[in-house]
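Visitor: Quick one: structure below, then a few questions.
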Amino acid sequence: MSERCAVIGIGQTVAKSKREDVSIAGLVREAAVMALEDAGLSFADIDAVVVGKAPDMFEGVMMPELYLAAALGAVGKPMFRVHTAGSVGGSTAIVAAHLVASGIHQRVLTVAFEKQSDSDAMWALSVPQPFSSPLLAGAGGYFAPIIRAYMHRSGAPRDTGMKVAVKDRLHALKNPYAHLHLPDISLKMVEDSIMLWDPLHYLEACPSSDGAAAMIIGSEKAAAQATSDTGRPPAWIHGMAMRSEPTMFAGRDQVNPQAGRDCAADLYRQAGISDPRADFDMAEVYVPFSWYEPMWLENLGFCAEGDGWKLTEAGATSMIEGGDIPWNCSGGVLSSNPIGASGMLRFLETALQVRGMAGEHQVADARRALGQAYGGGSQFFAMWVVAADKP
Amino acid sequence: MTEPVTMMAATTRLDYVFTAGVAQSKNLHGLEEGKFIGQRCPKCKKVYTLSRGSCPVDGLPTDEIVELPNTGTVTTYCVVNVPFAGQSIEIPYICAQILLDGANLSFMGLIQEIPIDQIRMGLRVEAVWVEPDELGPTMASVKYFRPSGEPDAEFDSYKEYL
Ligand SMILES: [Zn+2]
C-alpha cells in the first residue's frame, strides 16, 4: 500500500426480515448518514462513493447504483459499483480503500446492501437452465454436499456445525443490530429444527435479512481530522487482498479453495501476520452455514488442515467460553444476512472492535482483527486486516 | 382514516431466449440423442462434462469430443427437504454430485430408486433417460440416476472430484 488509510466512520441498519418502512434508497441512506455522523462529516465532504450488492436479479433492480446516486449524495461525483456475489461487501470496502491508499481521494463513502424482502434469492439462485438439472434449492443445496465432503475428509463429529449455530446466536444476543435474537438457543433446539439440506438443519443456516452497511474510508489526514472532531479513533487498514478462481475445473478443492489460501497468504504478508491464531485478537468471517467455521479456520491458516473442528469443539472461537480467538462476535452471517451487506458487515465489525466501539460484544483490548468474505460457489474471496495502531 | 399505502407487491415475468454457443450446443445435441458428451483439453487431457468449450486451467479450447458412458459415481450429495418456488421434484430428494466414468468434472444430478437413508458417497449409478420421443436438447432428457448395482467406488478414486 502507498498512503495510509483507515476506517473513520461506521453505520449499519438493524437487520430485519422486512423493512417495510423504507425503499432500497431509504435503507442505504440510513446506513450512510450514520457513518457520516460517526466521522463528523456530511455528504459534501465525500469525494467518491463505492456501492456493492449481490446479483441484481435478487431484487430485480438492474444497476441500482444509478438510481441510488441521489440518496447517497453521489450526484456529480465518481461512483463505482462492485460485483463479487456474496463476498461483495468485502470487495466493495477494499475498492473504496484502494481509492484512498492510491492517493486519489481523501474520503470515500462505501455502502453495501440487500433488501431480501423485495426479492426472492432462493428463486434467483435456482432458475431452470437447459444445461443443468433444477435441483439446487438455493445456496444450501449447493454448499451441503461440500460440507459433507469436509465431514468425510476431516472425520469431524456431526455436532460441530450445531455448536457453531449455537455459539454465533449466543454472540448475536450481545449485538443490537443482529437480525436473530434467540435467547433459548441450544444444541437440542438446533438438532430438533427441520433438516433442510441434509446434513444442514434449518438453524444451521443464515436468515434472510434486509439491511445496509456503510463505512467512510479516510486518508491519514482525514483520520486525524475525524479523531480531533469526534474524539473517536480510526481503525487502520494493514492489508487488503482479493482472489478468485473458476467455479469449475478438474481437481478443484471446494472444501479448502486455493483462492482463499492464496488470498490469506497475500494478506498476511502485507500485514506481517505469521501465526493468525496468535496474531489476531478476533475475526469476523463469512459463515452462512455453520460448517463453514471449521472449514475457514483451516483455509485461513488458524490450524492445520483437518483440525478446524477441534478448535470449534474446544470453544476457541467462542466469546462466551472465553476462547482465545473469538470468531463472529457480532453473531455473524448466521444471525444476519442482508447478502450484499454481509461481507461489509464482517469488515465493519473488525473496525468496530479495534476502535473499541463494539459495545456488549467487544473483545477486551482488541488491537488487530481479520475480516473475511467469500461468495458465489466459493470462488470469490476478500479479506482485510485492521488494527488500532498505525501501520 | 384508512392507513396510507406504503408498499405494494407487483409480480413480473421475463421471457428470454437462451443462446447456447458452440460448445454447449454439442453437449445439448448429445443429450437430444440420449448421450453424454465430454470435451478433452489438449494439454492436461482432462475431460470436461457439460463443457463450456475451454479448459479453465489451461485456457485452451477443448476441441476433442469424447462420448461418455451412462455410468458414474456419487462423489458427494445432500438430501433436499426445502420447498421453493418453481420446484418440480417432490421433497425430500437426493441431489448428488455425479462423476461419469472417464470424466474429470462432476455435475449435479437427481438420484432415485434408492431409499434416502441408503444414499452414500461412492455409490455407483447409471442414468435413466426419458422415452426416445421425449428426448430434447436439455438436461431434462435425463430423468434421474439410479444405483447400477456395482460395488461402491473407493474414496481415493473420486476424492479429487467432490
Ligand atoms: Zn487443461
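The values are calculated or read from the model by the stated rules, or taken from the named source; none is laboratory data. Model, not experiment: these values are computed from the prediction. Note that each Cβ is placed from the backbone with ideal geometry, even for glycine, and that neighbours are counted across all protein chains shown. Surface areas here come from the heavy atoms of the whole protein model, side chains and all, with no ligands, DNA or RNA. Shrake-Rupley method; radii C 1.70, N 1.55, O 1.52, S 1.80 Å.
Visitor: From the P(r) of region B:45-88, can you give the percent of Cα pairs sitting at distances over 14 Å?
Guide: Numbers: 621 of 946 pairs.
It works out to 66 percent of all Cα pairs.
Visitor: Where does helix B:21-32 land angle-wise versus the long Cα axis of chain B, in degrees 0 to 90, nearest 10?
Guide: Taking Cα atoms only, the helix is inclined about 80 degrees.
Visitor: With a 1.4 Å probe, what is the total accessible area buried between chains A and B, in Å² rounded to the nearest 100?
Guide: Details: alone 14510 and 10600 Å², together 21940 Å².
About 3200 Å² of accessible surface is lost on pairing.
Visitor: Okay, next question. Using per-residue counts of other Cβ atoms within 10 Å, averaged over each peptide, order B:151-161, A:72-82 from highest down.
Guide: Details: B:151-161: 13.6, A:72-82: 17.5.
In descending order of packing, they fall as A:72-82, B:151-161.
Visitor: Go ahead and collect, in residue order, the members of region B:1-43 whose backbone nitrogen is under 19 Å from a label point 7 Å along the Cα-Cβ direction of A:K18.
Guide: Residues passing the 19 Å test: B:3-12.
Visitor: When we measure straight from the Cα of A:K188, which lysines land under 19 angstrom away, once same-chain ones fewer than 8 places off are left out?
Guide: Output for A:K188: A:K163, A:K167.
Visitor: If you don't mind, there's one more thing I want to ask. Roughly what angle does helix A:88-101 make with the longest principal axis of chain A, taking Cα atoms, 0 to 90 degrees, to the nearest 10?
Guide: 30
Visitor: Let me ask another. Once the principal axes of the Cα atoms of region A:6-108 are found, what is the range along each, listed largest first in whole angstroms?
Guide: Principal axes ranked by extent give 37, 26, 24 Å for the Cα atoms.
Visitor: Does anyone have the angle between helix A:220-230 and the longest principal axis of chain A? Alpha-carbon axes, 0 to 90°, nearest 10?
Guide: In chain A, helix A:220-230 runs at an angle near 90 degrees to the longest axis.
Visitor: Tell me the net charge near A:A39. Cut-off is 10 Å between Cβ atoms, A:A39 excluded, with +1 for each Lys or Arg and -1 for each Asp or Glu. Mind showing how you got there, number by number?
Guide: On the way: positive: A:R107, A:R232; negative: A:E37, A:D38, A:D45, A:D229.
The answer is -2.
Visitor: Count the net charge of all other residues whose Cβ sits under 14 Å from the Cβ of A:D229, scoring Lys and Arg as +1 and Asp and Glu as -1. Write down the numbers at each step before the final one.
Guide: Working: positive: A:R107, A:K221, A:R232; negative: A:E37, A:D38, A:D45.
It works out to a net charge of 0.
Visitor: Residue by residue through region B:95-108, which ³J(HN,Hα) values in whole Hz follow from phi under the Karplus form 6.51 cos²θ - 1.76 cosθ + 1.60 (θ = phi - 60°), with glycine and proline marked x?
Guide: Ordered by residue, 3J(HN,Hα) equals 10, 10, 8, 10, 9, 5, 4, x, 9, 10, 9, 8, 9, 7 Hz.
Visitor: Name the residue from A:S244, A:Q254, A:G375 whose Cα lies farthest towards the positive end of the charge dipole of the protein assembly as shown, charges +1 on Cβ of Lys and Arg and -1 on Cβ of Asp and Glu.
Guide: A:S244
Visitor: If each of A:H181 and B:I91 carries a label point 7 Å out from its Cα toward its Cβ, how far apart are those two points in nm?
Guide: Roughly 2.9 nm, to one decimal.
Visitor: Follow-up question, since we're still on this one. For region A:171-285, what is Rg from Cα atoms divided by 2.2 N^0.38 Å, rounded to two decimals? Don't skip to the end; give the middle numbers.
Guide: Values: Rg = 19.8 Å, N = 115, 2.2 N^0.38 = 13.4 Å.
Taking N as the residue count of region A:171-285, the ratio is 1.48.
Visitor: Give me the lysines in straight-line cross-link reach of B:K143: C-alpha distance below 21 Å, same-chain residues under 8 apart excluded.
Guide: B:K26, B:K35
Visitor: Can you check what the net charge comes to around A:G359, using other residues whose Cβ is under 14 Å from the Cβ of A:G359 (Lys, Arg +1; Asp, Glu -1)? Spell out each step's value before the answer.
Guide: Working: positive: A:K174, A:R232, A:R355; negative: A:D38, A:E349, A:E360.
That works out to 0.
Visitor: Once the Cα gyration tensor of the protein assembly as shown is diagonalised, what are the square roots of 5 times its eigenvalues, in whole Å and ordered largest first, as equivalent ellipsoid semi-axes? Provide the component values of the computation, followed by the final result.
Guide: Numbers: eigenvalues 330, 132, 109 Å².
In descending order the semi-axes read 41, 26, 23 Å.
Visitor: Give the cross-link partners of A:K221 among the aspartates and glutamates, using a straight C-alpha distance below 19 Å as the criterion and excluding same-chain residues fewer than 8 apart.
Guide: Straight-line reach from A:K221, under 19 Å: A:E3, A:E37, A:D38, A:D45, A:D47, A:D229, A:D389.
Visitor: What are the extents of the Cα atoms of chain B along their three principal axes, in Å, largest first?
Guide: Principal-axis extents of the Cα atoms in chain B, largest first: 73, 40, 36 Å.
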